[in-house]
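J.: Before I ask anything, here is the structure I am working with.
Every read-out reported here was derived from the displayed coordinates using simple, explicitly stated rules and does not represent laboratory data. The shown structure was predicted, so the numbers you read here are calculated from the model rather than taken from an experiment. Positions of Cβ are backbone-derived with ideal geometry, glycine not excepted, and every protein chain shown enters the neighbour counts.
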Amino acid sequence: MIQAGAISLMHITLRYNGANTNRGEAAMVHGMTRKPHRRPPGRSWTLGAAALVLLGLALFVPALRAEAAEGPVLTVVMDGSGSMWGKLGTERLAKFQVVRQGLAEALPKLPASIRVGLTAFGHRRTGCQDVEVLRAPEAGEPGRIAEMLNDFNPKGRGPVAAGLQTALETMPRDGYGTILLVHDDLDNCQQNPCALMESVRAQYPRVTIHVLSIGLNQADARQMQCLTVPTNGQHYLVTSGAQIVNAIAEMVEIAARMPRAASPVARPAGPSALPEPSGPGVQLVASLGPSAPVPDLPVRWRIERLGGGDAPAVQRAEAGVVTLPLGPGRYSVTAELDTLSARNEITVTDAPSARVQLALPGGTLQVAALAGRMNKPLDGTRFIIRPLEVPAAGAPSSWIARGPRAEIALAAGRYEVVTMLGNVRIAQEAQVIAGERRAVEVRPPVGELELSTFSHEGSGRLEQVTYVIQEDDPDAPLGRREIARSAAARPVFALPAGTYHVIASHGAVELRDRVAIGAGEVVRRDLVLNSAELNLASGIMSRLANTPDEVQWRVVPLDRREGKAVRAYGENARLVLAAGKYRVEARFGTLNAEASRDIAIAAGARETVSLTPPAARVRLRLASEPGEAVSDIFWKVRLANGPIVWSSTENEPVGLLQQGSYIIEVQTRQVRHERSADVRAGADRVLIVGEN
């Protein structure tokens, strides 16, 4: 049984957050985050040091007062994994679109004192390193969070733990805060979010974590209770769009009642503010050169025990800063980052803590391909980096990175950076300096395609449209390859010069167009779907319906040979169709009760079709003597002049039968009976077989 405060089966809306890393799918890279430093107990202070601290506090007090005056924090952690493009049941919108809708409705109702942030993961590229802080918590315009998701394009994996860790680092340590984690699957990057809870309780005692689990099974959903129960948060397990929206509204309402933060405690800050190890062990810090720690880069560590001892012979870890509880002894420590490496031998004693810094002999290049007025990152970019000088013995001759952004660690020297996007190729020189992280921005000669879609002439712009951009590719299936996708209300695509196929989908309507774009050109295209809205309703009386949700609808186009039938389920349904002629068919239950009608619907129209089958609710019963046991029963019902329409092994089966004449057979281990029966529409009958 699920305890209160764990999983609530109720309506919910969620939003999604991630961690900020600019490392692309370059070879050998991962994104990690940085943790703050705490002064270990028992360290003595000199008078001069105390004077410096007092001076620092005097300068720091105004900042503390400003922080204390700020309100609590609400951060949304948004799942951008590819599965968020999926839909729940018969929902028209993808899961992330429903979440965006819920956030747009709920967030503007927050008090002005609450600072709102957004973190996302999996939305920019595949792999497990895609986490980004889209907005650090700030006051004002909370509704902009939903707007920031207009260009959201789920595509990657689901590093839930990394996204949550990054979001936590945007939260106040001494004040009140709330995290709304939205996800539709468990972490599939071999990380356990539950492992974060020990540090959450210690470092963020006033932070509450709410979790919105979309479409998970009960077993997977229960695993997320480790985040909500210790922080007094709520866990919502939702299976429909309405539940998502309602859940988001409830979580935002809870967050709106957060108390204001207390005055924070002064503590040192700066590049050296790194966490101390707890207990016997060693903190390993990687730096570029002697003085530039890189806690956010995925440094790979190899710790090898030299000599005897109880510690494992070899240990591995990954992060710019790691703390390992090593026992006393001698160890060989190696740090590697892309092409850079450093090694040292250390001795670990019984001291409470130790810190070892390894300087990597080089720097990094942060490359980015951007375009347009909004500095839009260009998906599909490939970078090749080659040394312009003779590389060291054994060093690779080139490095490849994919994605709009990447960061690669290299030895100091001159390099050629080649950026490729489609048929565009740009080469430029870059300098790597030891101890520095240098940025290289590339702006390929691309054009912009801005799209809007309307249901019909004179209508307002549609917001629930999915856009797909394809280009010709003889090696791809059907000769076309998808290069971009968006569900934004008014998306802007940055594309190399060329001709593209545009597909706009809304409901069951799909419009295809062909667009030519030149370098530096801005092309705006308004697409008109000529669509209509069709509402379907079951007119069957409730007393005749066995299970109303068993109504199955099929809408078949009559005037388009290439048109596909559209299906819907439930007693009521809403469809968006292209204008034209259709046959609406409905099947009620699992037997032969059905009805149909031909309709014509014009562009911009809203039509309602209600169908009632000429059917009756029928219960089959075998006549028997009181106390007589019946076993191994088998029913078979067929039309008097046709095939079998119903078979069952239940003792008294119930179903909807279309009006007509039938032959009913029943077979048990002891006897066989048969009778004929006429079924009239609207009846509610019990048909007894085997009476004398």
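J.: Each residue of the range 659-676 in turn: what ³J(HN,Hα) in whole Hz from Karplus with 6.51, -1.76, 1.60 and θ = phi - 60°, glycine and Pro shown as x?
T.: For the range 659-676, the Karplus curve yields 3, x, 9, 9, 10, 10, 10, 9, 10, 10, 5, 9, 9, 9, 10, 8, 8, 9 Hz.
J.: Another question, then. Which cross-chain or sequence-distant (5 or more) residues have an amide H under 5 Å from the amide H of Thr590, H modelled 1.01 Å from N in plane?
T.: Close amide H contacts, sequence-distant or interchain: Leu656.
J.: May I pose another question? Given contacts defined as C-alpha pairs under 8 Å and at least six residues apart, what's the relative contact order of the range 531-611, whole-number percent? Intermediate results must be reported in sequence, preceding the final value.
T.: Details: 176 pairs, mean separation 33.7, N = 81.
Relative contact order comes out at 42 percent.
J.: Got a sec? How would Leu534, Leu164, Leu186 order by Cβ neighbour count within 10 Å, fewest to most?
T.: Leu186, Leu534, Leu164
J.: Select from the range 641-692 those GluC sites (Glu not before Pro) which occupy a DSSP coil region and have at most 14 other Cβ atoms within 10 Å, ordered by residue number.
T.: Here the sparse-neighbourhood loop sites are Glu650, Glu691.
J.: Still on this structure, I have one more. What is the local net charge at Arg302, summed over the other residues whose Cβ is closer than 13 Å to its Cβ (Lys, Arg +1; Asp, Glu -1)?
T.: 0
J.: If you don't mind, there's one more thing I want to ask. Order these by the 10 Å Cβ neighbour count, fewest first: Phe588, Phe152. Kindly include the intermediate steps, with their values, before the conclusion.
T.: On the way: Phe588 27, Phe152 23.
Fewest to most other Cβ atoms nearby, the residues stand as Phe152, Phe588.
J.: Percentage of Cα-Cα pair distances in the range 531-611 greater than 17 Å, rounded to whole percent? Intermediate results must be reported in sequence, preceding the final value.
T.: On the way: 1338 of 3240 pairs.
Cα-Cα pairs of the range 531-611 separated by over 17 Å account for 41 percent.
J.: Hey, another quick one. Counting Lys and Arg as +1 and Asp and Glu as -1, what is the net charge of the other residues whose Cβ lies under 9 Å from the Cβ of Ala532?
T.: Computed value for this residue: -1.
J.: Another question, if that's okay. Roughly what would the spin-label model give for Val671 and Asn535, points 7 Å off Cα along C-beta, in nm?
T.: That separation, rounded to one decimal, is 5.3 nm.
J.: In sequence order, what are the phi-derived ³J(HN,Hα) couplings for the range 323-340 according to the Karplus relation 6.51 cos²θ - 1.76 cosθ + 1.60 with θ = phi - 60°, rounded to whole Hz, with x for glycine and proline?
T.: 10, 10, x, 7, x, x, x, 9, 9, 9, 10, 10, 10, 10, 9, 6, 9, 9
J.: Using a basic spin-label model with each label point 7 Å from the Cα along Cα→Cβ, how many nm lie between Ala565 and Val356?
T.: Result: 7.0 nm between the two label points.
J.: Let me ask you something else. Would you mind putting 428-439, 98-109, 212-223 in packing order, based on average other-beta-carbon counts within 10 Å, highest first?
T.: Going from most to least packed, we get 98-109, 212-223, 428-439.
J.: What is the sum of charges, Lys and Arg at +1 and Asp and Glu at -1, for the other residues whose Cβ falls under 12 Å from the Cβ of Gln470?
T.: 0
J.: On to the next question. Treat the count of other C-beta atoms within 10 Å as a stand-in for reagent exposure and order Lys564, Lys636, Lys95 from fewest to most. Walk me through the intermediate numbers first.
T.: Values: Lys564 11, Lys636 15, Lys95 26.
Lowest count first: Lys564, Lys636, Lys95.
J.: I'd like the distance between the alpha-carbon centres of the range 115-134 and the range 586-648, rounded to an integer number of Å.
T.: Spelled out, the Cα-based centre of one part sits 51 Å from the other.
J.: Here's a follow-up. Are there any trypsin sites (Lys or Arg not before Pro) in the range 468-534 that are in a DSSP loop and have at most 11 other Cβ atoms within 10 Å? List them by number.
T.: Qualifying residues, ordered by number: none.
J.: What's the percent breakdown of Cα-Cα distances in the range 282-360 across 10 Å bins, shortest bin first?
T.: Whole-percent P(r) values from 0 Å outward: 20, 55, 23, 2.
J.: Right, another one. What order, most packed first, do the peptides 468-475, 74-81, 322-329 have when packing is the mean number of other Cβ atoms within 10 Å of each residue?
T.: 74-81, 322-329, 468-475
J.: Can you give me the relative contact order of the range 63-256 as a percent, contacts being Cα pairs under 8 Å and 6 or more apart?
T.: In percent, rounded to a whole number, it is 25.
J.: Same structure again: Considering just Cα atoms, how many Å³ per residue does the convex hull of the range 554-670 enclose?
T.: Numbers: hull volume 16.3 nm³, N = 117.
Roughly 139 Å³ of hull volume per residue.
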